[in-house]
1. So which GluC sites (Glu not before Pro) in region 94-162 are both in a DSSP loop and have at most 13 other Cβ atoms within 10 Å of their Cβ?
2. Rounded to the nearest 0.05, what FRET efficiency do Thr154 and Asn129 give with R0 = 41 Å and r taken as the Cβ-Cβ distance? Could you check?
3. For Thr41, what is the net charge nearby, where nearby means another residue's Cβ is under 12 Å from its Cβ and Lys, Arg count +1, Asp, Glu -1?
4. What FRET efficiency do you get for Thr142 and Ser106 if R0 is 25 Å and r is their Cβ-Cβ distance, rounded to the nearest 0.05?
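Each value in this text was obtained by applying a stated rule to the coordinates, not by laboratory testing. Being a predicted model, the structure only gives us computed values, none of them experimental. Cβ coordinates were reconstructed from backbone atoms using ideal geometry, including for glycine residues, and neighbour counts include every protein chain displayed.
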Amino acid sequence: MKQKWKKLIGLVLIGICVLAMTACGSSNTEENSLRLPDEATQQSLIDSFGSVLQNISQLDDASIKSYLESDDAFSASAATAWDSNGKSLGAYVETVSGKMKVNEDSYLVTLQVKFEKRTAECVFTLDKNGNPTGVSIDPVYTMGEKMTQAAQNTVMGVVIVFVMLIFLSFIISLMKYIPGMVESFGKKKAAPVEAKPAPVQAAPVQEEEELVDDGELVAVIAAAIAACENTSTDGFVVRSIRKSKKGNWQRA
């Protein structure tokens, strides 16, 4: 509750400074454009936002969670900024410097703030009516820290690239086994069906024809048949002689 009260006091001070800011301004600017206040008002506004930062740095986890769920845009923005970078900054020490400028239809108040662990650049955004709408807190890193971080990122990137290349080489080396695996899988899936031998059909027994070349025997048989049929031998021709399957020959 005490922390929340301190923050409310800081916001009241900001409101007072904003009223003074809107009342003062350069006469050279256009009537409808935003105007910067005088230096004394700017310094008062910078000090007020320094107090707000001190209150923000004292927020505990429960307060941050409640502000994140708040409908107030500035409170949610402050809680988000501190939740992201608060652990790397530590407690608030002092406001080193600050400046104010106009950005289109809003005001920007930029503070260089010294915290327990490192310095940070804090930017407060105010709408054209002077109401605070958001804040960003960005830690300031030294050149050595930036170079170290860049080297770490470079090494990590190179390691990731080489790991991926080794993995791809391993995958490519396994390609030679794929045809054999596909072939064996196809053989298992389609088992060969043994062809049954077609039944052998017995060739029709052709009655053997005995062609007789003996002219005398043919003539005798033809004469016998003509005598039995009471006809002449001119009406038929004996071409072959076959053995009868019946034991006794009978006339039909």
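1. Glu104, Glu116
2. That pair, Thr154 with Asn129, gives E of 0.30.
3. After counting each charged neighbour, the total is -2.
4. The formula returns an efficiency of 0.20 here.
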